[in-house]
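To start, the structure itself, in structure tokens.
The values are calculated or read from the model by the stated rules, or taken from the named source; none is laboratory data. Just so we're clear, the structure is a prediction, and the values are computed from it rather than from any experiment. Virtual Cβ from ideal backbone geometry, glycine too; neighbours counted across all protein chains shown. What goes into the accessible areas is simple: the full protein's heavy atoms, side chains included, and nothing from ligands, DNA or RNA. Shrake-Rupley method; radii C 1.70, N 1.55, O 1.52, S 1.80 Å.
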Amino acid sequence: MIDKEITARLAELSGLEFTDSELSAITRDMTNIIELMDRVRGFDAEAEPHEPDAVTFTELRPDECRGSYPVGKILENAKVIKDDQFVVPKVVG
Amino acid sequence: MRLSELRARLDSGEIDAVGLTQEYLKRIHEHDKALGSYITVCERSALREAEAAQSAIRAGRSKPLSGIPLSVKDNICTEGVRTTCASEMLSDFVPAYDATAVKRLRDEGFVMLGKTNMDEFGMGGSSQTSCFGGVRNPYDTRRVAGGSSGGAAAAVAAGLCAAALGTDTGGSVRQPAAFCGVTGLKPTYGTVSRFGLIAFASSLDQIGVIARCAEDAGYVLSSICGCDRNDATASRLARGNYTQLVGSDISGLRIGLPREFFKGCRDEVSAAVMRAADYYRSIGCELADCSLPSLEYAVSAYYLISSAEAAANLSRFDGIKYGHRGEGDDCAGLIKHSRREGFGTEVKRRIMLGNYALSSGYYEEYYNRARRIQAKLRAEYEEIFDKCDVILTPTAPSAAYAIGSRESDPVEMYLSDICTVTASIAGLPAISSVCGYDADGMPIGMSLTGRAFDEKTIIAVCDRFERDFERKENSFAGGGLI
């Protein structure tokens with residue numbers, strides 16, 4: 001059962017925030033969506049011998065130092081920069 | 001006109017690359033307001049590319065795609081050309097590099113007409129969640145073009161590009177191709193490098209091709225496939241000429257029809273696909289009833305796996321290094337406001353679902369169970385491919401529907417993916433092509449799924465049907481050259 005408290009907690013985990021009415025709406029959506037996801041409970045995982053496959057990595061390149069992209073180009077998409085660094089509000093204190 | 005024929009006419013001088021590009025750009029200006037298939041049209045650079053291609057052609061240095069005008073879905077990075085994922089989050093993002101698939105096309109001298117519209121971050125089946133406005137179907141502009149590669153499909157169908165790169169995570173090349181009456185190929189996972197594809201679900205995403213026919217899809221795929229030092233999942237097994245088997249005798253081929261795919265489809269859809277099956281029988285193929293019993297769990301498993309991966313992949317959008325930046329007194333506030341303002345509703349739903357599936361207490365019940373279902377589906381496909389060479393199914397349970405009639409109900413939208421998600425979950429190649437039209441004249445799609453890395457076979461089998469099937473053009477498609 002998905003309630004607003006769970007949705008609010010999920011929003012926190014997801015780095016999202018909602019107004020109260022948005023939270024009500026997305027709680028309704030999530031309730032219906034989880035009801036669909038609950039279909040997987042009908043699958044007997046214990047009786048199923050197949051283990052999930054890992055994604056196959058076919059080409060691991062040598063661990064060698066190479067040049068990267070020009071700093072200026074990378075910074076072009078940032079909104080606030082200073083001295084070749086990304087500026088953020090204070091994280092601590 | 002097929003791409004191979006276009007190639008021949010460009011090389012012989014019968015057609016000029018610049019003139020060809022100008023014709024496509026003219027058509028985009030005339031028709032795309034009604035369709036919304038492009039987000040960015042690259043008029044000046046396209047003409048420069050066409051001129052460069054024409055010089056190469058004149059000098060006898062043409063490559064398969066030299067001078068051929070294509071479009072690129074807007075979640076594939078293109079250096080210097082904004083790449084938005086149809087999201088406010090990236091509305092002014094300009095990549096510093098080309099995706100490998102784009103680089104390989106550039107190495108052949110293709111012409112990039114522009115970046116096509118889509119569902120935001122590839123999440124959707126209608127191309128209506130774009131922050132730039134939705135895409136309309138060329139067969140009936142009151143209907144959706146499908147998604148998430150709806151812009152690519154609409155552009156190909158309306159003759160606004162010769163072919164298109166799209167992306168497919170759970171059906172997003174195949175379903176819009178079916179809705180728009182063209183051909184869409186999702187390759188085996190690992191066939192095309194994902195470097196430069198803005199990630200949605202990394203274990204499922206594949207760049208695919210939307211084209212006017214199967215041969216053209218194979219033609220483009222041959223240029224973009226193969227291993228890549230920037231993508232450890234891109235396989236050495238992906239190489240070669242994917243049109244190699246086109247025109248070969250396919251009598252004796254064994255075609256499986258998994259009965260579960262036909263339940264829940266509109267009668268018109270099932271009937272059209274069965275007529276395609278009858279066609280294949282008439283040319284000497286063997287039809288076989290088969291079963292994919294775990295199909296009933298497939299949609300749920302797909303959404304759990306893809307959303308879990310999406311929640312992780314989209315956590316990089318925090319407003320700091322790129323993308324939309326909201327205001328915030330502290331870092332946490334800045335991140336929340338950036339994401340609140342930058343993401344649309346469906347994207348937020350999927351992120352929440354993904355984090356739900358991965359959270360403590362639910363991980364085993366949902367995510368891990370979904371992965372076991374994935375393993376089971378792969379095993380069931382292997383059993384089918386012991387007895388069959390390809391599998392024939394509908395691409396979608398219905399044809400394209402009216403804009404606004406379904407998109408507000410996420411569960412109904414998710415269930416519409418029932419025919420496409422299993423090939424994605426299993427990592428197998430699948431191609432969609434038109435096999436009929438419903439009572440309203442809307443295209444109906446069939447899908448052919450093949451063994452891993454056997455795109456050549458499904459392309460050849462699809463091509464065989466297409467050559468004898470009479471397609472109905474939409475009112476936007478031009479005659480003559482394109």
Shape box of chain A [Cα atoms, principal axes, largest first, Å]
54, 45, 25
Rounded to the nearest 0.05, what FRET efficiency is calculated for B:SER291 and A:VAL71 with R0 set to 41 Å and r the Cβ-Cβ distance?
0.15
Computed on alpha carbon atoms, what radius of gyration and Dmax characterise the stretch B:161-203, expressed in Å?
11.0, 29
Can you give the average number of partner chain beta-carbon atoms within 10 Å of each beta-carbon in peptide A:40-49, as a whole number?
6
Per the C-alpha gyration tensor (a ≥ b ≥ c, the square roots of its eigenvalues), the stretch B:189-294 is rounded if a/c is under 1.5, else prolate if a/b beats b/c, else oblate; here it's prolate
For the stretch A:1-43, the fraction of alpha-carbon pairs in successive 10 Å shells from zero, as %:
29, 49, 19, 3
Taking K and R as +1 and D and E as -1, what net charge do the other residues with C-beta under 9 Å from the C-beta of B:ILE444 add up to?
-1
Restricted to Cα positions, what overall size does the stretch B:345-482 have along the principal axes? Three whole-Å values, descending.
60, 43, 27
How many Cβ atoms of partner chains, on average, are near each residue of B:327-335 if near means within 10 Å of its Cβ?
3
Run lengths n ≥ 4 of DSSP H only: what is the helix-derived mean residue ellipticity at 222 nm for chain B, with -39500 (n - 2.57) per run over all residues, to the nearest 500?
-12000 deg cm²/dmol
Within-15-Å neighbourhood charge of A:LEU10 [Cβ basis; K, R +1; D, E -1]
+3
Given q = 0.24, 0.25 Å⁻¹, what are the Debye log10 I(q)/I(0) values for the stretch B:75-180, with equal point scatterers placed on the Cα positions and solvent ignored?
-1.30, -1.36
Rank-order B:440-453, A:45-58, B:237-250 by packing density, defined as the average count of other C-beta atoms within 10 Å over each peptide's residues, highest first.
B:440-453, B:237-250, A:45-58
Net charge of neighbours whose Cβ lies under 10 Å from the Cβ of B:GLN128, counting Lys and Arg as +1 and Asp and Glu as -1
-2
Checking the a/c ratio against 1.5 first, then a/b against b/c, what shape does the Cα gyration tensor give for the stretch B:281-361?
prolate
What are the equivalent ellipsoid semi-axes of the stretch B:98-158, built from the alpha-carbon gyration tensor (square roots of five times its eigenvalues), in whole angstrom, biggest first?
24, 14, 8
Got the relative contact order for chain B handy, in percent, Cα pairs under 8 Å and 6 or more residues apart?
18
Residues A:LYS82 and B:SER55, FRET efficiency given R0 of 35 Å [Cβ-Cβ distance, rounded to 0.05]
0.20
Exercise: per-residue mean of other protein chain Cβ atoms within 10 Å, A:7-19
6
Under the Debye formula (equal points on every Cα, no solvent term), log10 I(q)/I(0) of the stretch B:118-270 at q = 0.14 Å⁻¹:
-0.75
Note down the nm distance, to one decimal, between modelled labels 7 Å out along Cα→Cβ at B:ARG239 and at A:ASP53.
2.2
Once you keep just the Cα pairs under 8 angstrom separated by 6 or more residues, what percentage relative contact order results for the stretch B:134-205?
27
Per residue, accessible area of chain A with a 1.4 Å probe, heavy atoms of protein chains only, in Å², comes to 71
Apply the a/c threshold of 1.5 to the C-alpha gyration tensor of the stretch A:44-86 and tell me whether it is rounded, prolate or oblate.
oblate
If you average over every viewing direction, what projected area does the convex hull of the Cα atoms of the stretch B:351-411 give, in nm²?
6.5
Of the convex hull enclosing the alpha-carbon atoms of chain B, the direction-averaged projected area in nm² is 21.2
Please report, in cubic angstrom per residue, the volume enclosed by the convex hull of the alpha-carbon atoms of the stretch B:324-385.
116
Would you please put B:11-23, B:142-154, B:89-101 in order of how densely packed they are, using the mean number of other Cβ atoms within 10 angstrom per residue and starting with the highest?
B:142-154, B:89-101, B:11-23
Compactness relative to 2.2 N^0.38 Å, alpha carbon Rg of the stretch B:1-140:
1.09
Taking every eigenvalue of the Cα gyration tensor of the protein assembly as shown, multiplying by 5 and rooting it, what semi-axes result, largest first, whole Å?
34, 31, 22
